[in-house]
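Taking it in order: structure first as structure tokens, then the write-up.
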Amino acid sequence: MVATVHDTMAAREGGSLARLFVGFVVGLVVTLFLFWFMQYMIDQADRSLDESDRGSLVDFVRVERDESIQRKDRKPEKPPEPDQPPPQPPTPQLDNLDPSAEKIAIQAAPVDTDIDMTGGFSLGVGEGDYLPIVKVAPIYPQRALSRGIEGHCTVMYTVTRQGTVRDPAVVESDCTSSLFHRASVQAALKFKYKPRVVDGQTIEVPGVQNRFTFKITE
């Protein structure tokens, strides 16, 4: 019984050694085959390269362009000679003038204005009534303009000793629309007068009136 087990173990060890040897031989053969196959492939690749079949390479050389600007010296052309100037007109002869000849009378052209320069006028020196110097036209109210309303408005005020306007007030009985009140008063405040002079002293003039006319023109 003991001899049989020993023989069985020896037989198994012998089979393992045989398989190990066979595996080592097979591995060595495969390794050698791979080395030979790689060397064969390298040799075939070297043979496929033929220097005679290679195309020639063309070397391009870029030449720098001369970008210097050549300037041409152009001289301006000489202008043509000017034409001869026209002859001078003859000098008028003043020897035959008659100083006793009749003179020509020239009258001033008539001028018509739309400015109502009401107030007193005086041509005296030192004394006189008040005289309007500056009168400003009123600004047409936008509401009246949009509605097409026309009319007039009278403002009463006092001309001061300095020639300015004080305390302007609308004369209700002589104003066609309340839309013209503010514009008329604002215009009257901008008036300038030469004050009234009595005995060498300036005095105020109350109760001065001015009518403003509002008319839409095309």
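Every number here is computed from the coordinates shown, using simple stated rules; none is lab data. Model, not experiment: these values are computed from the prediction. Please note: Cβ atoms are built from the backbone with ideal geometry, for glycine as well, and neighbour counts cover all protein chains shown.
Just want the ordering: ASP43, ASP174, from fewest to most Cβ atoms lying within 10 Å of their own Cβ. Could the numbers behind the result be given before it?
On the way: ASP43 10, ASP174 13.
Starting with the residue having the fewest Cβ neighbours, the order is ASP43, ASP174.
In which sequence would CYS175, CYS153 go, from the one with the fewest C-beta neighbours within 10 Å to the one with the most?
Details: CYS175 19, CYS153 27.
Neighbour counts put them in this order, fewest first: CYS175, CYS153.
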Completion exercise
Lys and Arg at +1, Asp and Glu at -1: neighbours of SER177 with Cβ under 10 Å from its Cβ sum to +1
Problem - Within-11-Å neighbourhood charge of VAL136 [Cβ basis; K, R +1; D, E -1] - result: +3
Exercise for the section: Along Cα→Cβ, 7 Å out, is where each label goes; now give me the distance between the ones at ILE216 and GLN44 in nm to one decimal. Expected result: 11.0 nm
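List THR158, THR31 from most exposed to least, where exposure is judged by having the fewest other Cβ atoms within 10 Å.
Lowest to highest Cβ neighbour count: THR31, THR158.
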Fill in the blank from the handout: Highest mean packing first, using Cβ neighbours within 10 angstrom, the peptides 19-30, 181-192, 205-216, 139-150 sort as 181-192, 205-216, 139-150, 19-30
Handout entry: Zone residues, the stretch 186-218, relative to TYR140, backbone N less than 14 Å from point 7 Å out along Cα-to-Cβ
Key = 213-218
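Which entries of LYS190/LYS215; LYS135/LYS194; LYS194/LYS215 show an alpha-carbon separation above 19 angstrom in the structure shown?
Values: LYS190/LYS215 21 Å; LYS135/LYS194 12 Å; LYS194/LYS215 29 Å.
As for pairs spanning more than 19 Å Cα to Cα, those are LYS190/LYS215; LYS194/LYS215.
Mind checking the full-extension length gain between LEU189 and LYS78? Use 0.36 nm per residue of separation minus the Cα-Cα distance, one decimal, nm. Please list the in-between numbers first.
Numbers: separation 111, 0.36 × 111 = 39.96 nm, distance 7.01 nm.
Answer, rounded to one decimal: 33.0 nm.
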